[in-house]
Amino acid sequence: MAYSLRALADYLPTVGMPCTLHGDAERQVDGVATLEDAEPSEISFLANPKYEKALETTSAGAVIVSNDQPIPDRLTVLRAADPYAAITAVMVHIYGYRRHGKTEIGDRAVIHPSAVIGENANIHHGVTVSANVTIGKNVVLYPGVYIAEDSRLGDDCVLYPNVVIYDGCILGNRVSIHAGTVIGEDGLGYAPIGETWHKIPQIGIVEIGDDVEIGANCAIDRATLGRTVIAKGTKFSNLVTIGHGTKIGEHCMFVAQVGIAGSVNVGKHVTMAGKVGVAGHLTIGDNAQIGAMSGLMKDVPPGVAVLGSPATPIKNALRSFSLVERLPNLHKQVKQLEAQVEALQRAVDARADEKQ
Amino acid sequence: MAYSLRALADYLPTVGMPCTLHGDAERQVDGVATLEDAEPSEISFLANPKYEKALETTSAGAVIVSNDQPIPDRLTVLRAADPYAAITAVMVHIYGYRRHGKTEIGDRAVIHPSAVIGENANIHHGVTVSANVTIGKNVVLYPGVYIAEDSRLGDDCVLYPNVVIYDGCILGNRVSIHAGTVIGEDGLGYAPIGETWHKIPQIGIVEIGDDVEIGANCAIDRATLGRTVIAKGTKFSNLVTIGHGTKIGEHCMFVAQVGIAGSVNVGKHVTMAGKVGVAGHLTIGDNAQIGAMSGLMKDVPPGVAVLGSPATPIKNALRSFSLVERLPNLHKQVKQLEAQVEALQRAVDARADEKQ
Amino acid sequence: MAYSLRALADYLPTVGMPCTLHGDAERQVDGVATLEDAEPSEISFLANPKYEKALETTSAGAVIVSNDQPIPDRLTVLRAADPYAAITAVMVHIYGYRRHGKTEIGDRAVIHPSAVIGENANIHHGVTVSANVTIGKNVVLYPGVYIAEDSRLGDDCVLYPNVVIYDGCILGNRVSIHAGTVIGEDGLGYAPIGETWHKIPQIGIVEIGDDVEIGANCAIDRATLGRTVIAKGTKFSNLVTIGHGTKIGEHCMFVAQVGIAGSVNVGKHVTMAGKVGVAGHLTIGDNAQIGAMSGLMKDVPPGVAVLGSPATPIKNALRSFSLVERLPNLHKQVKQLEAQVEALQRAVDARADEKQ
């Protein structure tokens, strides 16, 4: 379906994003693309200044830019305060989100008679729903999903193929879990007895809040006792793993391959970039920002941005990085000083000899 | 089921853990919880001194503590030499381990006629057991498990949903593998021919010893030739990967996201914390301890603890970390020295001029 | 099947690898093994000088070595310019690659009527082939594989158990994907609105070129707009993840646990060792070589080898590593200099006092 730019300019304010249109209001667009790839029938956007040059060469029919962005005269633009939020709204308007076709093969799923399945749930072939499980309304369970005993899923959850939920776990409403992710496996809990490891029963659960989205092939340990928690609104990328008993606050964002040990407390709205590692039993304050590949061995206070392994506040970390690069120079300086000091010493000693 | 503290105090010595009870021996507990979460009907424990303060405020009905731990008068305690081992024993006593319900849907599994299945094996729907596979007694194969040709599983193994065992692999007795883990995929074996990569057939296998437990979404490469080995009693967390031909000794413990390249020899009882990386063809000695996020580029002798990337003995590593943090100060010191030496030089030169 | 050494010496030149045979040409070998494990009926090879000593003790019936390798007199050897390429050719000759048994249980797969399935495709039980999917000739889909709507697979692809392909993705010919890997899940695309994250529809796809092989439990994000690309001939090990919109060139080789953020451009024939991390929007030039555990925060020019986190050219990185190790010494030198300079200052001051 095609939309005139006028129609989009009329739409954005209805979702809280005032904008102004400069150029041909009747031009039609039917898709969204990057500045590089966009064709005249598509709308694009500039959010990252790194791509500013592409404004010169883009074939896009229109571009969403910030209110003060200089643009070539020929361009038709929609100006908005936050172009990234505005293009997101346009994408939702034009494309919507993934539609989950109603399956006709639910009779090949294996559903325990004691399970309670909500209205309009969409359970594909090869799915297992075990004893005493509760599944909310409109839930989509793709093929190969396994839900163990006593687990509960809220309404409107989507579990992509081969997701596994161990026994007793609780998912809120609108939880999306991408393919291959495992929720509630046993954590690494063993008591050392001599040189062997004696398994500690892992009797806790995992609790996941509303509107959480988890990427592919992640693994979230159940708690040894009590709960491992992923609070509402939090988003994970792929291959993230969370240790037993760890609690992640609301609206956090973890990039791929983050790994958090057990018994950690992470506050609200914490961002962790790719491959961050967090040692056990730490506390990470609200709104902390953890740079890529950081290794956390100490608590992080609220609002602080850290980087490095071991992590330090980002300014220190960047200074350390650059000073380490300048170490060859420092070594040279010290060597020169040693030579100078030795020469001075000889000069002073010679003078003293003269005087004797 | 509830247990009196007297009953627990009588039980622990029967599993090799003498203890003494201080307080109300008739008090009943029916569960185990952390100091923070425990209710009066639950028993808790103090093993990590970090949580000592919680003794003041806990509502637990009783707490297992070490023999010399100071405690508030009001607390009922069981004193034991190793509180962590003691609470583990109590947990096993009260809860036991996960029970695997006998499935009634085995007729939906696909089992090759040449496969040999042990007594009382519990094979769920959607499982594949291929030609010439041998499955031991009491083995549990959850839905989606795939066992390729010629593989052999010992007795009492548990493979959680969607575990995949490639062809020809050998698992001992009592091996537990959590959901999504893959055993025996081809390693990254290619001969470079010009700019292209020519695949080397991966004809070896993976052999896993008795009592090994492997977390979720791990990947263990088969050997190019011979065997990749995970020896008995070793435990892995999630997202661990082991390269082709690597041999891991007995009773090792690897935390999540450890990655070991090919042809590595790891001794017995080696611990690797989260995200450790090990380069190919190295030897890691018995009882070595590898700190979180370490990168190993050299062999590690037996019994040595290392840290850092590249890893060095832990004392050096911690000193390097702190010296790097002090680099700004060192730069300042060198700058001052340069100024001082220059001033001295001027003074000495001036004196020399005077004398001429 | 057994082969005489003469037969192997005759075979290698036919695949472009001239060789010379020294020793008993009629000796028969029926397998390939490492120098350490090989028996008299097996042929071995020496490619890594680290294992040269094993030539003294090997029981192998013959060994492939380089043209100038000194050898014990007793050994029967095949000399070739590239022993690694030669043993690869011998392995392919003796063993071939994994054979994929024709399944007889395809009637338990779920194949949408609109899907187009090529000749001789081998679709196992529990597989899902969704609407409008195209599957090429001779494709093997193992149990638990899920192919979402509108995806296209070329000829001769092999998807191991539980591989998931999201909607609209395109695979070339001869693509191999190991168990548990997920292709085309949504990337981590959210617009921040206040403290919450607003999901950006991920409407792009993943396109994978001919002859790509991907390890187990990887995750390749679909593009937000356009395509995430893995170009032809590229090989990944396990647990690799690629962010949305990233483009990987031809004939790259990525070791396990590499993680690349979104919108990255990686050139041709780039190698990344284990656990490398790459920040978003970077450009990595053709033939770049990225050392293990490196963290890339800047572009890498073509042909450059980098190491470290943050990564620098490998010479600098190794020098920095060694200078960091020598920091305790540098601190000591600076302390000594300070003492010497203070003493000199006192001496010079004293002289000045004398003169007054």
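A short reminder: the numbers here are calculations on the coordinates, not readings from a lab. Treat the numbers as computed from the prediction; the structure is a model and nothing was measured. FYI the Cβ positions are ideal-geometry reconstructions off the backbone, even for glycines, and counts take in every protein chain you see.
Could you work out Rg/(2.2 N^0.38 Å) for chain A, with Rg from alpha carbons only? Walk me through the numbers before you get to the answer.
Details: Rg = 28.6 Å, N = 356, 2.2 N^0.38 = 20.5 Å.
Relative to the 2.2 N^0.38 Å estimate, chain A comes out at 1.39.
Among the listed pairs A:LYS235/B:LYS50; B:LYS298/B:LYS332; B:LYS247/B:LYS275, which have their C-alpha atoms separated by more than 25 angstrom in this model?
Violating the 25 Å Cα-Cα cut-off are A:LYS235/B:LYS50; B:LYS298/B:LYS332.
Between copies, how close do the B:ALA350 label points come, placed 7 Å along Cα→Cβ, listed in nm from shortest?
Values, ascending and in nm: 2.0, 2.0.
Give the order of C:ASP24, C:ASP211 when sorted by the count of other beta carbons within 10 angstrom, beginning with the fewest.
Least crowded to most crowded, the residues run C:ASP24, C:ASP211.
If you average the alpha carbon positions of region A:12-67 and of region B:17-32, how far apart do those two centres end up, in angstrom?
70
Say R0 is 35 Å: what FRET efficiency, to the nearest 0.05, do C:ASN122 and C:GLU39 get from their beta-carbon distance? Kindly include the intermediate steps, with their values, before the conclusion.
On the way: r = 35 Å, r/R0 = 1.01.
Once rounded, the FRET efficiency stands at 0.50.
Kindly work out what percent of the DSSP beta bridges joining two residues of chain C are antiparallel, to the nearest 5. Spell out each step's value before the answer.
Values: 12 of 76 bridges.
Of all bridge pairs located within chain C, approximately 15 percent are antiparallel.
Sort B:ASP68, A:ASP286, C:ASP10 so that the residue with the fewest other Cβ atoms within 10 Å of its own Cβ comes first and the one with the most comes last.
B:ASP68, C:ASP10, A:ASP286
To the nearest 0.05, how large is the calculated FRET efficiency for A:GLU52 and B:HIS198 if R₀ is 45 Å and r is the Cβ-Cβ distance?
Values: r = 44 Å, r/R0 = 0.97.
With R0 = 45 Å, the Cβ-Cβ based efficiency is 0.55.
Go through region C:133-150 residue by residue and turn each phi into a ³J(HN,Hα) via Karplus (6.51, -1.76, 1.60, θ = phi - 60°); whole Hz please, and just put x for glycine and proline.
Working through the residues one at a time gives 7, 10, 10, x, 5, 6, 5, 10, 10, 6, x, x, 6, 10, 10, 7, 3, 6 Hz.
Please list, ordered by chain and number, the residues whose modelled amide H lies under 5 Å from the amide H of B:LEU188; skip anything fewer than 5 residues away on the same chain.
Here B:HIS244 satisfy the definition.
Can you tell me, using C-alpha contacts under 8 Å and at least 6 residues apart, the relative contact order of region C:193-279 as a whole percent?
Numbers: 253 pairs, mean separation 19.3, N = 87.
Computed over region C:193-279, the figure is 22 percent.
Give the share of C-alpha pairs in each 5 angstrom bin for region B:183-222, from 0 to the last occupied bin, in whole percents, shortest bins first.
Reading the bins upward from 0: 6, 19, 20, 19, 13, 10, 7, 3, 2.
Using a label point 7 angstrom from Cα along Cα-to-C-beta, what distances in nm, from shortest up, separate B:VAL92 from the other copies?
The answer, with the shortest distance listed first, is 5.3, 5.3 nm.
Tell me, what ³J(HN,Hα) does each residue in region C:227-244 have, in order and in whole Hz, if you take phi through Karplus 6.51 cos²θ - 1.76 cosθ + 1.60 with θ = phi - 60° and put x for Gly and Pro?
9, 8, 10, 10, 6, 4, x, 6, 10, 10, 7, 7, 6, 8, 10, 10, x, 5
Considering region C:137-244, what Rg and Dmax in Å follow from its alpha-carbon atoms?
According to the Cα coordinates of region C:137-244, Rg and Dmax are 14.0, 51 Å.
Between the alpha-carbon centers of region C:130-172 and region B:213-286, tell me the distance in whole angstrom.
Spelled out, the Cα-based centre of one part sits 32 Å from the other.
Could you size up the charge dipole of region C:203-356 around its Cα centre, putting +1 on the beta carbon of Lys and Arg and -1 on that of Asp and Glu, and report it in debye to the nearest 20?
On the way: 16 positive and 14 negative charges, 34 e Å.
With Lys and Arg at +1 and Asp and Glu at -1, about 160 debye.
Looking at chain C as a GNM with Cα springs under 10 Å, which of C:ARG319, C:ARG222, C:ARG174 has the largest mean-square fluctuation?
C:ARG319
Can you list residues from other chains, or at least 5 along the same chain, whose modelled amide H is less than 5 Å from the amide H of A:MET253?
Close amide H contacts, sequence-distant or interchain: A:LYS235, A:VAL270, A:THR271, A:MET272.
Considering amide H positions built from the backbone, and no H for Pro or chain starts, which residues 5 or more places from C:ILE205, or on another chain, come under 5 Å of its amide H?
Counting only residues 5 or more places away or on other chains, the set is C:ALA223, C:GLY226, C:ARG227, C:THR228.
Just want the ordering: B:CYS19, B:CYS252, from fewest to most Cβ atoms lying within 10 Å of their own Cβ. Write out the running numbers ahead of the final one.
On the way: B:CYS19 20, B:CYS252 26.
Going from sparsest to densest Cβ surroundings: B:CYS19, B:CYS252.
When the helices in chain A are scored as -39500 (n - 2.57) per DSSP H run of 4 or longer and the sum is shared across all residues, what 222 nm value do you end up with, to the nearest 500 deg cm²/dmol?
Result for chain A: -6000 deg cm²/dmol, rounded to the nearest 500.
With N denoting the number of residues in the protein assembly as shown, provide Rg(C-alpha) divided by 2.2 N^0.38 Å, to two decimal places.
Numbers: Rg = 32.0 Å, N = 1068, 2.2 N^0.38 = 31.1 Å.
Against the compact-globule rule of thumb, the ratio is 1.03.
Only bridges whose two residues both fall in the protein assembly as shown count here: according to DSSP, what percent of them are antiparallel, nearest 5?
Details: 36 of 227 bridges.
In the protein assembly as shown, DSSP labels about 15 percent of beta bridges as antiparallel.
Shortest first and in nm with one decimal, please list how far the C:GLU325 label point sits from its counterparts in the other copies (point 7 Å along Cα→Cβ).
Counterpart label points of C:GLU325 in the remaining copies fall at 2.3, 2.3 nm.
Per-residue HN-Hα couplings for region B:327-335, Karplus 6.51 cos²θ - 1.76 cosθ + 1.60 at θ = phi - 60°, whole Hz, x for Gly and Pro?
4, x, 5, 4, 4, 5, 4, 5, 4
If you take the charge dipole of chain C about its Cα centre, with +1 on Lys and Arg Cβ and -1 on Asp and Glu Cβ, which of C:HIS100, C:ILE220, C:SER176 is farthest toward its positive end?
Value: C:ILE220.
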